[in-house]
Every structure is written in structure tokens, then in C-alpha cells.
Amino acid sequence: VKDINHELWVMTERTRSRMQVAEMSFLHRVAGYQGNSEEVGCYVAGHPLSKGNCYFEVTIVDTGVRGTIAVGLVPKFYRLDHQPGWLPYSVAYHADNGKLYNGNPVGQQFGPKCARGDRIGCGIHSENTEAGLTTVFFTKNGREVGSVEVPVSVEGLFPAVGMHSMGEEVKVDLQAEWFLEEDDSMMMVDSHEDDWGRLYDIRVSGTLLEYVGKGKSIMDVGLAQARHPLTTRCHYYEVEIVDAGEKCYIALGLARRDYPRNRHPGWSRGSVAYHADDGKIFHGSGVGDAFGPRCFKGDIMGCGIMFPRNYILDGEGDMDDWNRLEAHPDHAHVQNVLYHNDEKEEEEDGEDQGQEDRKVMVFFTRNGKLMGRREIAVPPGGLYPTVGMLSNGEKVKVDLHPLSG
């Protein structure tokens, strides 16, 4: 353990040798796991939570190999080779599985998993402390996840952070504030999270999607896939590039429901996408074709389906019943309005056979101007709006229901 500034307050902290703590300020510090992933590393603050200081937050800087980060409260002399929540008189919210551990190595389902960039908060309702019990609550990105009543030892409950795999790193704020009256507005901001069926290494804040992955290799793709596929009633969506990040590795398109989480849309079977960094279209292949101009901060990219008139989508009135999909579209051909290619398009490897009568024309726009079209087979369940990002700092604003398009 290395402490940069050995102040009196810091010297009362306890950390296991598997943890390295660097002080940023009097009440802010960065903690990182330094072990070999075989033993737990644990950090315990020097003072318990109290009526005047009843809440703290931990921001995940890096999830490391497994993201086995735990945030919670423990007694003063807690064993530092155990995750918070595993032993009696301790409680913790674990980021890797979203479970609550309350004095037991077996957790209970509690809240959502947490990823890089997420803030996990923990506090006590001090006014409820009586008869050796108190109510401990946890938050994620400022919104309360849940609470639990726990026993309190004589010394009180101390903020604690546990880690258990290489590369894990967090920032600890021991003087964070959280107010109940902000909860309603926060819930309004987060309400759009229900629009997404799958989120990997992407954080949602209203209509804003932010990449929170590592961004170090092509396996670090962040993926956001809408909960519902495009239909004849909702056939188009748009993405505005708010921040291009380091590389602008941003892609928007359509993909099958079970699309791989670590693949940009367009790279694998059952998907097609327009990539902002190089202006290429990718259709079920890691090799793209020249398609349109590159896109930058402020550009609005759109993607939609030109459904044939006789296209029938069973259950379209019931958006939850999107497993049933029957289509009888007219045949159409691939067309690119900006680039002409006389070469015949190669057949898609692995495309489902027998689906020649289930194809639609997917089109892409840039700042309201049509860039081109691509014919694609409709997989069972339909085609879902899918956004991919891959470099640090990337942010986009998504409108799944534009007024026009």
C-alpha cells in the first residue's frame, strides 16, 4: 500500500497489501488492485459513517479482468482478505453481478450490474438507528437501487471497497452528498434506459449514450441495442454525434436480437451498419465497402427500413410480442446513390437459407441526406436499432422515434 500524503486521517485507514491507494485530496483517493486475482484486496476508511457524514460514493475507473468490485460497509476490524458483505456485520453491493451480500458469502439479486464510469453510492439513514439496527441504502449513478436493515456494531459501520481481479481501479469520494428530493428528477433522466434491451459498456443518461469500455482492442466494443425492432409504424431512428472521442469509432445500424456483444454492428451475420470513422458500410462482414462520407461531432446519422407495401408484421400493435415475424416483401436490389459498383455483391456467409422472400431495403442518412441503401434478409424476430462505440470519450444522442424520416 502506498499513501502519497501521510496525514493523520489517512493513517487510520486499513488496506490489504493487494490494494494500492493514492490520495487525490483529503477525502478523495484512487484505489487499485495489485494482486494476482487469487486473493481479495480490501480498503476500509478510517472513520465510520455518522449523522454528519452518512454517505459515500465509488466511481469505477476500470473494471479490470472480471469487474469484481464491491462497495459497502463493514465493522472496524473487518478481515481484509474478504469482500465486504461476506462476513457478519457487513453489507455490500457487488458490481459484477448486481447482488447484495449481507453478512453472507451467498448474495441475493438486488440491482443492475455496474460498469466502467458508473458511480456506486452507499449510505445510512441515521435517523433510523435504534436498538443496534440501521437502514443502509445503495445508489447507482445517483438513483437509489434499494435498502436493507442491518445490525450495527459498537464501533459503527465503515466505508469499504473490495476488489478481486487484475486491473480493477476505483475513485473513492468519502464526502459525497445525496439528496432524496433529487430522486424524482433523476428518475426522469434515467427513464430512457427502458428503451434499450441490451447495454454493454455503454451508460445511458436520458437520450445520451456514453462509451465506458476500455477502448484498447477490437474486443472492447460497447453495444446498445433497442428493446424493440423497427416496424412499419416506427421504421427509422437517428444518432447525433455529441463527442467523437479519441477515434470516432461510432457505428449505427440494424442487427438481429442475439447479436454478439463484442462486435460492432455490421461485422457479424444478421447486421448492417454505417461506420462514422471511415464512411464505410459493413454488412455481415469485418470488411466494409465505400459508402458515404465520414461523420464527425455534430453530424446526425440515420438508419431506417423501406418496407414494401405488402409487408405484414404480425403483432405490430403489440410491441412486446416481437418474436412473431412474417414478411412477404417484393424483391429489390442493392443500390448506392453515391458510389457505383459494377461488381456483383458477394453472398453473405452464414446467411439463413430459405429467406429470399424475407428481405427489406435498409437505408442510411447523414444530416438528413440519403447516403445509400442495402438489401438485407430479415432474421427471425426482426431488425433492432443497434449502436456501437469503441474509443474513449465517445458520446451520442439517440432519437428512436424521430418526428420525420
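Structure summary
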read-out	value
Reach of LYS51 by Cα under 19 Å, taken over lysines that are not fewer than 8 positions away in the same chain	LYS76
Label-to-label distance, nm, for residues given as MET166 and HIS401 (7 Å Cα→Cβ offset)	4.7 nm
3J(HN,Hα) from dihedral phi, segment 153-168, Karplus parametrisation 6.51/-1.76/1.60, rounded to Hz, x for glycine, proline	6, 4, 6, x, 10, 9, x, 9, 9, x, 9, 8, 8, 4, x, 5
List PHE296, PHE138, ordered by accessible area with a 1.4 Å probe, largest first	PHE296, PHE138
Largest to smallest accessible area among HIS125, HIS264 [probe 1.4 Å]	HIS125, HIS264
Per DSSP, loop trypsin sites (Lys or Arg not before Pro) in segment 235-313 with at most 15 further Cβ within 10 Å	LYS247, ARG261, ARG294, LYS297, ARG309
Overall form of segment 20-173 per C-alpha gyration tensor (a/c, 1.5; a/b vs b/c)	rounded
Inter-probe distance in nm under a simple model that places probes 7 Å from Cα toward Cβ, at GLU155 and LEU133	2.4 nm
Gain in span if fully extended, LYS216 to VAL30, counting 0.36 nm per residue against the direct Cα distance	64.8 nm
Eligible lysines near LYS113 by straight Cα distance, threshold 17 Å, same-chain separation 8 or greater	LYS99, LYS140, LYS214
Accessible solvent surface per residue of segment 20-173, calculated while the other protein chains remain in place, 1.4 angstrom probe, Å²	40 Å²
Residues of type lysines that LYS216 reaches as a straight line, Cα spacing below 19 Å, ignoring anything fewer than 8 places off in the same chain	LYS247, LYS395
Accessible surface ranking that places the most exposed of GLU240, GLU177 first, with a 1.4 angstrom probe	GLU177, GLU240
Relative packing of peptides 369-381, 107-119, 87-99, 143-155 - highest average C-beta neighbours within 10 Å first	87-99, 369-381, 107-119, 143-155
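The values are calculated or read from the model by the stated rules, or taken from the named source; none is laboratory data. The structure displayed is predicted, hence computed values, not measured ones. Counting neighbours? That spans all protein chains shown, and the Cβs are built from the backbone with ideal geometry, glycine included. For accessibility, only protein heavy atoms count, side chains too; no ligands or nucleic acids. Shrake-Rupley method; radii C 1.70, N 1.55, O 1.52, S 1.80 Å.
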